[in-house]
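Right, one structure below, let's go through it.
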Amino acid sequence: MTDALRTSRLQHAIEIAEALSLEERQLLLEILTKRLRRQQGQQLLDEVQDVHQDIAKGSIKYGSVKDFLAELDA
């Protein structure tokens, strides 16, 4: 999706939201906030699961910052 299309869709959504009453906008904000928090929580759980899988595969290396920098230079 192009930036112009994304901006256009966002602007359209804003215009629709602004046409709502104050009470409806407050309700919309509450709903969107709850959904965003739920999605962020799910994303965090997915990332934790990925890390657990990497640990199980042995893909994660442990060490000091010095070890990390040495690995980058290798």
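Bear in mind these aren't lab numbers, they're just calculated from the coordinates by the rules spelled out. From a predicted model like this one, the values you see are computed outputs, not experimental measurements. With ideal geometry, Cβ positions are generated from the backbone for all residues, glycine too; neighbour counts draw on all protein chains shown.
From the list Leu32, Leu36, Leu20, Leu45, the one residue that fits, being surrounded by 10 or more Cβ atoms within 10 Å (Cβ to Cβ), out of contact with any helix residue (DSSP H, G or I) (no Cβ under 6 Å at 6 or more places or on another chain) and assigned to a loop (DSSP other than H, G, I, E, B), is Leu20. Within the range 23-51, residues that are free of Cβ contacts under 8 Å to residues at least 12 places away in the same chain have Cβ atoms under 8 Å from residues that are among the charged types (D, E, K, R) and exposed (fewer than 10 other Cβ atoms within 10 Å of the Cβ) in these pairs: Arg25/Glu18, counting only partners at least 6 apart in sequence or on another chain. Summed over the range 48-74, residues that are charged (D, E, K, R), surrounded by 10 or more Cβ atoms within 10 Å (Cβ to Cβ) and within 28 Å of the chain's Cα centre (by Cα) total 2.
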